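A.B. asks: Here it is, the structure, as structure tokens.
The values are calculated or read from the model by the stated rules, or taken from the named source; none is laboratory data. Everything quoted here is computed from the prediction, not taken from an experiment. Virtual Cβ from ideal backbone geometry, glycine too; neighbours counted across all protein chains shown. Please note that ligands, DNA and RNA were not included when accessible areas were found on the heavy atoms of the full protein model with its side chains. Shrake-Rupley method; radii C 1.70, N 1.55, O 1.52, S 1.80 Å.
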Amino acid sequence: MDDVENSIALTSRPLDSPMAIVLDRNSPIELGTQVTGRQFLAHVHTVANLLPDQRFAINLCENRYFFMVSFCAVILKAQTNLLPPNKKMATQEWLFEKYSDTYVLHDGYVNETSFETPTDTEQESSVADYLSINVLEADFNSDNKVSSIPDILLDHLAAISFTSGSTGESKPNKKSWQTIVESSQINAANMLCENHKLHYQLATVPPQHMWGLETSILLPLFVEVCVADIKPLFPQDIYDALARLPTPKMLVSSPIHLRALVKSNTTGYFGNSLPVDLILCATSPLSKELAADVESLFSAKLREVYGCSEIGSMASRETAHSHVWHLFPGINFEPSQGNKVFASTRYLPERIEISDEIIIESDSCFVLKGRSSDMIDIAGKRGSLQEINNTLLKFSELIDGVIFAPETDLNVGRLAALVVLPDHIDVYKLRAYLKKHLDDAFIPRPIIKVDSLPRHDSGKLPVSKLKECYQSLIKGK
């Protein structure tokens, strides 16, 4: 880049520092390899030289290291990463229509947790190219000589992330390279225990999701974090992957995954406790009780992070010990008329309205009351769906579940619930528990037992999918 003042390096990590560790048995890189910054940049250059000359790349890589290589190769090619809310074919087609001159970049994984591949007919009619990083002519075990780090223009549109669509239609959020770098610097200063110490990170959330992107892709680019290339889903897989990581270890996860870990260990399933230095959690509210259980299980400090897709991470709290959130320096909350709160920061051109109900206690502290759309009114009684669901989640036999308003209008006549329970537990026992702990107006009717909930990989539960599932079950009765 000629204009150094208007650009920032692709990574600020030392060339010989490890950025990723290979735990994926299907990777072409030898198991256990710690990929250095030098090797990483060689891979980025190789892939960038083989990318087509198009404007946008839908990055669907499942392997976290391949995603990081692809993400940076797209940026180095002066293109833009599209980070979809899911990997469904319908979502890909929506992006093809919305963004012309687009191709799909993936790593060849075809299974129930990866993306949907197009049929032959769909492939022939699609304007998009499907390019697998696994079949690119790149030697992923080579240590090509890289002596310099490329610079990226500050105003380059590096990525467009999309909201999960959990409360409506998915919306795009543009991320310039300057936004990515400055937000990552703020996150590193406020999320990590010791910035100078190399931490080995395991993440259970997908890299396409903003929480996964910020922590498992961007942090390793700028601070001493070496990320595992896998994305374990089940409790035993998460525990086994953590056991294979060097120390100090950190875990990046979500309440749904942490709850599954705690539940699986109620009978000593994992044996001895596995010490972890730090656990970061986000995507949905975490209860104080679950936070305490997680800290006990891993002998670790758990830090819950608050944020939104438009801005990213903004605040944190140690949930097991306090309900008060502490804003990251550089993020500002401004109250406005009608109990609205706006967030602003130096790296964004305009302030963003926060969709949650917030009580500002000081310039740097606030209490979260829940989403504005979270408040319901039944028979003149007003309550919070979040608090009602927190009560549900305390039912000891519950595997997963949600209480929700089937109607669009929040002045609802009745709540409903979909729950995942062990075979030997019926809904009558759960209903008795809820009657003991909730006002009668908030007892869900019906309570329907299901095999699973339609959650995203990040653990979020889209309202539209939830209501579709509910309606299909009601109609089937």
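A.B. asks: Based on Cβ point charges of +1 for Lys and Arg and -1 for Asp and Glu, what charge dipole magnitude is obtained for the range 288-390 about its Cα centre, in debye rounded to the nearest 20?
C.D. replies: So the dipole magnitude of the range 288-390 works out to roughly 40 debye.
A.B. asks: As a test of the formula, what do you get for the chain when each DSSP H run with n ≥ 4 contributes -39,500 (n - 2.57) and the sum is divided by the residue count, at 222 nm and rounded to the nearest 500 deg cm²/dmol?
C.D. replies: Computed ellipticity for the chain at 222 nm equals -8000 deg cm²/dmol.
A.B. asks: For the range 392-477, which semi-axes, largest first and in whole Å, follow from the square roots of 5 times the eigenvalues of its Cα gyration tensor?
C.D. replies: 19, 17, 13
A.B. asks: How large is the convex hull of the Cα atoms of the range 231-329 per residue, expressed in Å³ as a whole number?
C.D. replies: Spread over its residues, the Cα hull of the range 231-329 gives 105 Å³ apiece.
A.B. asks: Can you tell me the 0 to 90 degree angle between the C-alpha axis of helix 288-298 and the longest principal axis of the chain, rounded to 10?
C.D. replies: 50
A.B. asks: Using a 7 Å offset from the Cα along the Cα-to-Cβ direction at both M375 and V427, what is the distance between the two label points in nm, to one decimal?
C.D. replies: 3.0
A.B. asks: For E397 paired with I448, estimate the spin-label separation in nm (one decimal), with each label point 7 Å from Cα along the Cα-to-Cβ line.
C.D. replies: 2.1
A.B. asks: Rounded to the nearest 10 Å², what accessible area does D277 have for a 1.4 Å probe in the complete protein model?
C.D. replies: Taking all protein chains as shown, D277 has close to 70 Å².
A.B. asks: Between helix 463-475 and the chain, what is the angle of the helix's C-alpha long axis to the longest principal axis, kept within 0 to 90° and rounded to the nearest 10?
C.D. replies: With both axes taken from Cα atoms, the answer is about 50 degrees.
A.B. asks: Oh, and also: Rounded to two decimal places and with Rh computed the Kirkwood way over Cα pairs, what is Rg over Rh for the chain?
C.D. replies: 0.96
A.B. asks: Using packing as a proxy for protection, rank 384-396, 80-92 so that the peptide with the highest average count of other Cβ atoms within 10 Å comes first.
C.D. replies: Ranking, from highest mean packing down: 80-92, 384-396.
A.B. asks: Still on this model: Roughly what angle does helix 235-244 make with the longest principal axis of the chain, taking Cα atoms, 0 to 90 degrees, to the nearest 10?
C.D. replies: Rounded to the nearest ten degrees, it is 40.
A.B. asks: If packing is taken as the average count of other Cβ atoms within 10 Å, what order do 231-237, 283-289, 35-41 fall into, highest mean first?
C.D. replies: 35-41, 283-289, 231-237
A.B. asks: How much area per residue is accessible in the chain when the probe is 1.4 Å and only protein heavy atoms are counted (Å²)?
C.D. replies: Normalised by residue count, the accessible surface of the chain is 44 Å².
A.B. asks: Right, something else. Along the positive direction of the dipole of the chain (beta-carbon charges: Lys, Arg +1; Asp, Glu -1; about the Cα centre), which of P454, F162, I21 reaches farthest?
C.D. replies: My answer, from the dipole projection, is P454.
A.B. asks: Moving to a separate point now. Antiparallel versus total DSSP beta bridges in the chain: what percent is that, nearest 5?
C.D. replies: Bridges in the chain are about 55 percent antiparallel.
A.B. asks: Percent of accessible area on the chain owned by carbon and sulfur, 1.4 Å probe?
C.D. replies: Taking all protein chains in place, the chain shows 48 percent carbon and sulfur surface.
A.B. asks: To the nearest 0.05, what FRET efficiency results for Q236 and S355 with a Förster distance of 25 Å applied to their C-beta separation?
C.D. replies: Computed FRET efficiency for Q236 and S355: 0.10.
A.B. asks: Can I ask one more? Ranked from highest to lowest mean number of other Cβ atoms within 10 Å per residue, what is the order of the peptides 51-64, 291-304?
C.D. replies: Going by the mean number of other Cβ atoms within 10 Å, highest first, we get 51-64, 291-304.
A.B. asks: Tally Lys/Arg at +1 and Asp/Glu at -1 over every other residue whose Cβ is under 13 Å from the Cβ of D293; what's the total?
C.D. replies: Counting the neighbours of D293, the net charge comes to +2.
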